[in-house]
Structures are given as structure tokens and as C-alpha cells.
Amino acid sequence: MSADLAARTGTALPTARTRRRPGLVLVVLAVLVLAAAAAFLTVGATGSWSFVLPFRATKLAGLAVVGTAVAVATVLFQTVTANRILTPSLLGMDAMFTLVQTVLVFVLGGAALAALPATGMFLAQVAVMVGCAVALFGWLFGGQRRSLHLLLLVGVVLGTLLRSASGMLQRIMDPNEFAVLTNRLFASFNAIDDTLLGITAALVAAGCAFAWHRRHVLDVLALGRECATGLGVPYRRAVLEVLVVVAVLVSASTALVGPVTFLGLLVANVAYVVLGTHQHRWVLPGAALVSTLFLVAGQVVLERVLGFDTSLGVVVELVGGVLFLVLLVRGAAR
């Protein structure tokens, strides 16, 4: 921004300190993530290191992959919706995951479901969630309607319907089967399959590579539809591409560990605050680091320091829910 433009718009020019801030914050976050990872691998370890390290390393990789997927998906979703209190869960994919799990337990039973091939089940769940999301995007945003607000509204309504259907099946389910279902619906990082982790990591890496390649387009999309169109960005196609990537990231992470509704809202807003910028070249890696740090450090404190066996997902939902209410009350939505 030139000095003349800054004077006419009343906007202060960025100083050398403010320009250096995002880079310094990323370095600090990276150091904190490494420290948290070292603590996660070593604190409270007993027995053979040849068993402990590979076991904890797999769990650590799962935390990093899921944290990155949720953070990047939420930043992308908030960019195209221009709203910092929205999360991809509005599209109903969490509700779809819950309904799929409920139907499987209701029809097959917990014992038969556990005997099914894990890889096939994972791929089928990802395919169902991504397929339904893409069909919804194509119907409501790819045709003549082209309304993002209508897409979000229909996503909220569909999510409510899917949760209602899940609730109805859960009420008539055998209590023992319901206990099995409850365990499957809480996000858990304690038993991550190596093969499924590899597939999820590949999908997340592809999604992150797309987001990084399109980071400058994302900066323009964040300005709104009129500005993006005026600056030559094919708005509808660009938003559709972003929504498909969001669907893949959320579906893969949800199918791996379960739904973590408010994690993205929490880490994305923390990243915006600590980085002091909305440029995606800083926000994307920053949100991924904040998310990984939150999950890894939270797991260390919860398991090693406090000795709790509680699922970290429960704590994430509690803290994220409180943050959502704070943002809503303070009118952070734009």
C-alpha cells in the first residue's frame, strides 16, 4: 500500500515490526510444537523404548494429521463464507458420520461391525461423506441458484434432519449396542490404525498442497464476491474447488478419529489473533501449528500430568463451545 493511498483511506502502513510478526510467531509455534512432541514421546514412558516410541509416534502422527486437516478446512471454509464463527460442521458432514455409524451398529451390531475390514469401512465412509457433500454443492451452488447462503442454510437443515434420524434409531437400539455406538462417536486418538493413518495423511497432504498453491486466490476470495469477481477471479468455480477440498479434509479426519466439531473454530481464531494477519501464506501454516500444539500439549496434560483417561475430544468440545459463545456475544461475525 502506498503512502498516498494509506493517507486517503486512513489506514496505517505496516511497520517493519508488524511485517516480521507472522514469521516470528510461526517460528515460536514450531518450537512449541517440537517441545510438546518431545514431551508426548518421553514423559511417563516406562518399559521397552522399542515398543513405547513407535506406539506413541503413531499416536503423535495422528494428532498432527487430524489437527492440520481440521485447521486448514476451517480456515478455507471461513474464507469463502467470510465469517469467523462458522465451521465446516454446518455442511452436515458430522451428522452424516453419526447417522452412518448409527445405521451400521443398528443393522449389523457392534460385534459384526468390529469384524469388518477397517480399510474398507474407512474408504466407504469417506466416499459417502464426500459424495453427499459434492452432490449438495453441485445442486445448490453449481447450478442456476449459485447461492452460498442457501447452501449453508440447507446444510444446517439437513444436519438437523440427519441428527433427528440418528436420535430416533438410538432410542430403539439395544442398550449394549448403544454403548458401543457412543464409544465410536467420541473423537479418540488412542487406537489409530497405521494403514488408515497413511491414507488420511495422503488426503490431507493433497488438500494442504491445493490450499497453499491457491493461497493468493484465497486472499482475494476473502475480500468478498464482488471484489473477487472484479479482480478477475472465477468466483463460483474457485469457491466450489475450496468446498470440495474442505469436504475431503473433514471427511478423512472424521472417519479416522471421529467428529471434533469446535476444534477448527478454536484454533483458527487463535491463529488470526496471534499472527495479526489474514494472509493465507501465514494463517494456513499458523492454524495447523496451533491445532497440532493444542492437541499434543492437551493430550500430554490430560494423560501424563493429570492422569485422566478422558477423551481429549470432550475437552475440545467444551473449550470450543465456550469460545463460540464468546465470539457470538461479542459480535465477532462479519
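Taking 7 Å along the Cα-to-C-beta vector as the label spot, tell me the F51-T119 distance in nanometres, rounded to one decimal.
The answer from the label model is 2.7 nm.
Using the crude model of +1 on Lys and Arg Cβ and -1 on Asp and Glu Cβ, and no other charge, please compute the dipole size for the range 127-243 relative to its Cα centre, in debye to 20. Walk me through the numbers before you get to the answer.
Numbers: 10 positive and 7 negative charges, 109 e Å.
Computed charge dipole of the range 127-243: roughly 520 debye.
Give, in whole angstrom and from largest to smallest, the semi-axes √(5λ) of the equivalent ellipsoid of the range 216-264, with λ running over the eigenvalues of the Cα gyration tensor. The partial results should precede the final answer.
Details: eigenvalues 162, 24, 9 Å².
Value: 28, 11, 7 Å, ordered largest first.
How high is the relative contact order of the range 155-286, given as a whole-number percent (alpha carbon pairs under 8 Å, six or more residues apart)? Write out the running numbers ahead of the final one.
Details: 64 pairs, mean separation 41.0, N = 132.
Result for the range 155-286 is 31 percent.
Keeping every protein chain present and rolling a 1.4 Å probe, give me the accessible area per residue for the range 87-244 in Å².
Each residue of the range 87-244 exposes 51 Å² on average to a 1.4 Å probe.
Given the range 48-130, report the % of alpha carbon pairs whose separation exceeds 18 Å. If you can, show how the numbers build up before the last one.
Details: 2135 of 3403 pairs.
The share of Cα pairs beyond 18 Å in the range 48-130 comes to 63 percent.
Quick check on packing: order 199-212, 275-288 by the mean number of other C-beta atoms within 10 Å, highest mean leading. Write down the numbers at each step before the final one.
Details: 199-212: 18.4, 275-288: 20.6.
Most protected by this proxy first, the peptides run 275-288, 199-212.
Could you state how much accessible area Y235 has, in square angstrom rounded to the nearest 10, with a 1.4 Å probe and all protein chains kept in place?
Solvent-accessible area, nearest 10 Å²: 30 Å².
The values are calculated or read from the model by the stated rules, or taken from the named source; none is laboratory data. Quantities reported herein were computed from a predicted structural model and do not represent experimental measurements. Virtual Cβ from ideal backbone geometry, glycine too; neighbours counted across all protein chains shown. Ligands, DNA and RNA are excluded from the accessible area calculation, which covers all protein heavy atoms including side chains. Shrake-Rupley method; radii C 1.70, N 1.55, O 1.52, S 1.80 Å.
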